[in-house]
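Undergrad: One structure, as structure tokens, below. Some questions next.
The values are calculated or read from the model by the stated rules, or taken from the named source; none is laboratory data. Just so we're clear, the structure is a prediction, and the values are computed from it rather than from any experiment. Backbone-built Cβ (ideal geometry, glycine too); neighbour counts: all protein chains shown. Surface accessibility is based on the protein's heavy atoms, side chains included, excluding ligands, DNA and RNA. Shrake-Rupley method; radii C 1.70, N 1.55, O 1.52, S 1.80 Å.
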Amino acid sequence: MAASCHQRARKYLQIKPLIPALGIADVSVSRTRTLPLRSPKRSPTGVPTIQGVTFDVENLERLRRWVLGLAIVNFDLEQGPSLSCIFPLFPLYPFEAENIAFSAFPDSTIFKEGSEIHSFRIREQVMKTNQDGSSSFDGRRAPSSDGFRCIVVLTQHPYPALFCALLNKLGPLYHNHGDPILEVASHNIAKWPSPTPGTTIELGFLGSVLHVELPGDVDEQQLGTSEQPQPRIDQDWHVRPKCKFPSHFSVIIRTQLLAGSPPLAAPSVIHIFEASLSHLWSIWECLVLCEPILIFGQSPAWTSKAIWWMRDVFRPIPWAGDFRPYFTIHDREHTALVNDRRPKAGLLLGVTNPFYEKVCSHWPHVLTLGGNRQRPPTRSAGPEPGWKTKTHNRYTSKDRQLLQQLEAVAGGGSAKALEEASFGLRRHFYSRSAALLVPLNRYLNTLIPRPSEVSRATTDLRLKPFNNANFFTSLKAHGAALPFKSSRKQREFYERWLRAPAFGLWLARQEDVVGRTLENARSMEAR
């Protein structure tokens, strides 16, 4: 089976194998043939780029502060997806090219025409880092072809709202103008200032200007300074008189785009979670306790938006798990993430293939997106829309007033009402995630050395050890900020959270911050 998959990948991607296959007739055994084969080298060979167009070194370095490159993926009805162009060119393993090709296309039986934008995440195999991709799929057939195509932005930055907005502009222009728009877009990005965390910058792109706020770090909450939700990416634009492509408006977004927030494209998160609105508090608890969750959606746009939203409301708790906004059976890590064993802690997997309903039947939590009250009903592959859990009993109380508002809007609210409800829902779970840390921060303050201890210290300064028993004594005395259903539920919740990977990562970061602060204070005293 592995050999057939490898052959299919070579056929689809048309990339010459870097290790020659052994001929069937050649059955001789020698020491050379019995030694382990070397790992294939990364090579740009076999993946075309735009002919006659080059990037000088300085511009290439500036471009890759933001993105790795832009890719075009074609889908042939007989041969499947193939990575047909990368600009600017950069080296890829064949299996990385396969990951990109299969992840770029929506594997959905209901998506027949039109367009959509979704995101995916793949694992870079050398440095073991994550690479995020955003894909704009156009259901119209490519000119002079029997297949379809999509354009992909590959990046090292987890900025879903930003790259969704870029593709909302770039996708239609590419499908109308072809490869020349890739060169123009790349040169635009190369002119952007450095992506300094915590800054607000203006980014010019294809005749448009976006005002973008970058998060200070990946775990910073980005709710904005205004009480109003962010504008949709298809409105609140200014027309400018000069534009290289006159068939499209040149525009400016009047308010700041929060780069780290979930994608702004439709549908609303209220419709995505419609059948599970009453269970959102249980879903949030499973998130912060680093429970694995399988998410079924009717399209990659649905799963990717849902998972980015779930990742977002986890903040400011540091993320200690793995998440894949859209995951396919062709992913290099498929057997590592989907197998008979218990799924990894903190794993969020977004899928559209009903194949996963059977192979992941042992997962403890399954969320199927959509609802039945919409016209037409939004149904996903896999189980009926809703939330199913085998192990979780909720610890905290729901906000029933908020739930009533959400259910009313889901039943037939206007676009503005949906935006406001989505904003309110995000703000609510932001506050819950921050409230979870209140008793921990309170107890942590008692572990910081006093000024007298700092001045007398002769060794490295650090937090005193975290003691679980002392923490629960503090929790019992001062209580929690979350609305727990009982004091017993409160203790049980924090007992579980202290065993979760997120707690270990949070504590390590606090120790690092406090340690550096204490060392700086001692250095100042020594002057």
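Undergrad: Mean separation of Cα pairs under 8 Å and 6+ residues apart, divided by the residue count of the range 302-360: what relative contact order is that in percent?
TA: This gives 41 percent for the range 302-360.
Undergrad: At 1.4 Å probe radius, can you tell me the per residue accessible area of the range 285-344 in Å²?
TA: Roughly 26 Å² per residue, with all protein chains present.
Undergrad: Right, another one. Would you pull out the residues with amide H under 5 Å of VAL209's amide H, same chain only if 5 or more places away, H placed 1.01 Å from N?
TA: VAL251, ILE252, ILE253
Undergrad: Holding the Cα-Cα limit at 29 Å, pick out from LYS388/LYS416; LYS416/LYS485; LYS390/LYS489 the pairs that are longer than that.
TA: Flagged as over cut-off: LYS388/LYS416; LYS416/LYS485.
Undergrad: Then there is this: Taking θ as phi - 60°, what are the ³J(HN,Hα) couplings along the range 155-164 by the Karplus curve (6.51, -1.76, 1.60), each to the nearest whole Hz, with x for Gly and Pro?
TA: These are the phi-based 3J(HN,Hα) values: 8, 9, 9, x, 10, x, 5, 5, 6, 5 Hz.
Undergrad: Moving on. What list of ³J(HN,Hα) couplings, whole Hz, do you get for the range 411-423 from phi and the Karplus terms 6.51, -1.76, 1.60, once you set θ to phi - 60° and write x for glycine and proline?
TA: With the stated coefficients, the range 411-423 comes to x, x, x, 6, 4, 5, 5, 5, 4, 5, 5, 5, 5 Hz.
Undergrad: Can you tell me the order of 189-202, 66-79 when each peptide is scored by its average per-residue count of other Cβ atoms within 10 angstrom, highest first?
TA: The packing order, highest mean first, is 66-79, 189-202.
Undergrad: Under 1.5 on a/c is rounded, so check that first for the range 397-509, then, if it is not, pick prolate when a/b is larger than b/c and oblate when it is not; a ≥ b ≥ c are the square roots of the alpha carbon gyration tensor eigenvalues.
TA: It is prolate, given that a/c is not under 1.5 and a/b is the larger ratio.
Undergrad: Could you derive backbone 3J(HN,Hα) for the range 185-192 from the dihedral phi with the Karplus parameters 6.51, -1.76 and 1.60 (θ = phi - 60°), listing whole Hz in sequence and x where the residue is Gly or Pro?
TA: Once rounded to whole Hz, the list reads 4, 5, 5, 4, 5, 5, 8, 5.
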